[in-house]
Structure formats: structure tokens, C-alpha cells
Amino acid sequence: MNDKTMTFSIGNEQELEIRKILTTVYDALKEKGYNPINQMVGYILSEDPTYITTHNNARNLIRKIDRDTILQSLVKFYLSA
């Protein structure tokens, strides 16, 4: 009988998904002529989806991620770099 405890981490997969979504949203905003940083900050601060374009399904994608999760990921990335 194997009595070892196995651990499973979805942290890296979740971080990759967040990165993919934020990159897609950034690119969609840029393609439409918006300042992506300003628009994304506006969304994060207000949770108003109209800051994000519907181009390339960006609005629906960003709403898949909780704002707190976005902030946590950004701070974690910034401080670990």
C-alpha cells in the first residue's frame, strides 16, 4: 500500500490562462485604437465591462477572471520579476 500524499497544483495553469486572456484583451484593445493599459486599469478599478472592447471576444474573456485574481497575479508577477 502506498501511503504517500500526492499534491496537485493548478497555480501554473491558472497563471498561464490569465496571461493568455490579458494578452488577448490587450491586443484587441490595441487593434481598435484604444490605450490598452488605461482601459484595462479602468476595468479593474470599476468592474465596468464597457472599458473593454467586444472585438475578438475580449469583453467576455476578461469577465472570466475575477478582478481580485487579476490584481493578485499582476502584483505577484511585478514583485517576482
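The values are calculated or read from the model by the stated rules, or taken from the named source; none is laboratory data. As the structure is a prediction and not an experimental result, all values here were calculated from the model. Glycine also receives a Cβ, built like all others from the backbone with ideal geometry; neighbour counts cover every protein chain displayed. Heavy atoms of the whole protein, side chains included, go into the accessibility calculation; ligands, DNA and RNA do not. Shrake-Rupley method; radii C 1.70, N 1.55, O 1.52, S 1.80 Å.
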The chain: angle of helix 67-80 to the longest principal axis, Cα-based, in degrees nearest 10: 70
With a 1.4 Å probe and every protein chain left in place, tell me how much accessible area Ser80 has, in Å² to the nearest 10. 90
On a 0 to 90 degree scale, rounded to 10, what angle separates helix 11-31 from the longest Cα axis of the chain? 10
Extending each Cα 7 Å along its Cβ direction at Tyr78 and His55, get the distance between those two points in nm, one decimal. 2.6
Taking all protein chains as present, what is the carbon and sulfur share of the accessible area of the chain, in % to the nearest whole number, probe 1.4 Å? 52
Ratio of Rg to Rh over the chain (Cα coordinates, Kirkwood Rh, two decimals): 1.14
Rolling a 1.4 angstrom probe over the protein heavy atoms, how many square angstrom per residue are accessible across the chain? 80
Selection of trypsin sites (Lys or Arg not before Pro), segment 8-65, meeting DSSP coil and at most 11 other Cβ within 10 Å: Lys64
